[in-house]
Amino acid sequence: MILLQSHSRFLLQTLLTRAQNLDKAVELDYQWIEFDDVRYHVQVTMKNPNLLLLSVSLPNPPPEAMSFDGLPLGAIEAIKTTYGTGFQILDPPRDGFSLTLKLNFSKVRPDEELLTKLASIREVVMGAPLKIIFKHLASRTVAPELDRLVAVMHRPNETFFLVPQADKVTVAFPMRFKDSVDTILATSFLKEFVEARRAAALNTAPSCSWSPTAPQELEGAPKETLSANAGFVTFVIFPRHVEGKKLDRTVWNLSTFHAYVSYHVKFSEGFMHTRMRRRVESMIQALDQAKPLEKTRSMNNKSFKRLGLNDANHTNSK
């Protein structure tokens with residue numbers, strides 16, 4: 001199975017190209033959208049070629065999700081911790097965006113490690129609430145400012161839920177798909193996903209389960225958030241899953257779990273379409289190579305015609 005990269009490949013390539021050509025005054029104005037409706041904007045002007053503005057637009061958070069000025073809980077603190085003082089957060093951000101960072105190449109050494117971190121801005125921002133909860137889990141405590149049930153936005157107008165406790169955190173995903181075929185494939189995929197977790201090689205992985213109805217942990221969640229045509233997936237995260245370097249990987253895998261499932265569903269659908277097309281092409285090729293059947297059969301250089309029942313009666317009457 002393929003895991004999504006935490007950094008934006010196009011953003012990283014854009015940053016590397018700009019950092020390697022600082023002696024050239026080049027104007028940049030790139031906008032693009034990546035999965036889960038996250039929009040980026042990179043801008044460099046001829047007037048200030050050493051200044052780069054990076055703007056990020058996140059999906060509008062639903063009412064149940066914890067957010068402040070359009071950003072998830074703890075996002076600003078996470079940005080300051082990750083990038084230090086080399087970046088400036090513009091307040092307010094550019095019109096139409098949730099966040100704008102200003103990078104001054106004359107004050108910051110633009111090495112690949114730093115630019116890779118900057119290209120992972122999505123992980124830093126959207127994973128901020130998870131990091132707060134999991135850092136408390138690593139110390140076996142619960143953040144006092146959090147509710148019993150925490151909703152985290154991960155797709156446009158959609159959330160998943162966390163139930164933080166001192167010894168574990170339960171994470172529940174309502175799985176929704178617009179297309180009926182995607183729903184069927186996703187349901188099958190998720191059942192196999194849960195079954196694969198039972199393998200001996202995955203004993204240390206977080207336990208997971210699938211159910212067609214909402215699990216008990218989601219009691220009290222708004223009813224409109226519990227509509228899931230592909231069921232519910234639940235993970236149980238223990239302190240050992242968020243220790244040290246495991247924290248970032250766990251945060252990224254959970255915050256992009258729906259996108260991960262969607263990717264494999266679309267890939268499976270495309271693979272089946274390809275197999276069907278190849279099968280049809282082979283059948284057409286076989287038909288093209290087949291010889292047409294003769295309308296008459298010959299015996300001893302004499303041809304005869306197969307008679308129907310009416311023709312036989314007419315011949316006998318003669």
Within the range 130-144, the count of residues that are under 24 Å from residue 70 (Cα atoms), open to solvent by 10 Å² or more (accessible area, probe 1.4 Å) and not in a helix (DSSP H, G or I) comes to 1
Of (1) surrounded by 19 or more Cβ atoms within 10 Å (Cβ to Cβ); (2) among the hydrophobic types (A, V, I, L, M, F, W, C); (3) at pLDDT 90 or above, residue 166 satisfies every one except (1)
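Picking from 101, 115, which residue would you name as being within 23 Å of the chain's Cα centre (by Cα), over 21 Å from residue 160 (Cα atoms) and modelled with pLDDT of 90 or more?
None of the other options fit; the residue is 115.
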Checked against (1) open to solvent by 40 Å² or more (accessible area, probe 1.4 Å); (2) out of contact with any Phe, Trp or Tyr (no Cβ under 9 Å at 6 or more places or on another chain); (3) within 25 Å of residue 35 (Cβ to Cβ); (4) touching a residue at least 24 places away in the same chain (Cβ under 8 Å), residue 220 satisfies every condition except (3)
Could we say that residue 284 is at pLDDT 85 or above, in contact with a strand residue (DSSP E or B) (Cβ under 6 Å, 6 or more places away or on another chain) and not polar (S, T, N, Q) here?
no
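Filter the range 169-184 down to the residues that are hydrophobic (A, V, I, L, M, F, W, C) and surrounded by fewer than 20 Cβ atoms within 10 Å (Cβ to Cβ), then identify the one that is nearest to residue 223 (Cα to Cα).
Per the stated criteria, the residue is 177.
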The one condition residue 193 fails out of (1) closer than 16 Å to residue 134 by Cβ; (2) modelled with pLDDT under 90; (3) surrounded by 15 or more Cβ atoms within 10 Å (Cβ to Cβ) is (1)
Is it true that some residue in the range 112-129 is exposed (fewer than 15 other Cβ atoms within 10 Å of the Cβ), touching a residue at least 60 places away in the same chain (Cβ under 8 Å) and out of contact with any helix residue (DSSP H, G or I) (no Cβ under 6 Å at 6 or more places or on another chain)? yes
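The values are calculated or read from the model by the stated rules, or taken from the named source; none is laboratory data. All of these numbers come straight from a predicted model, not from anything done at the bench. Please note: Cβ atoms are built from the backbone with ideal geometry, for glycine as well, and neighbour counts cover all protein chains shown. Surface accessibility is based on the protein's heavy atoms, side chains included, excluding ligands, DNA and RNA. Shrake-Rupley method; radii C 1.70, N 1.55, O 1.52, S 1.80 Å.
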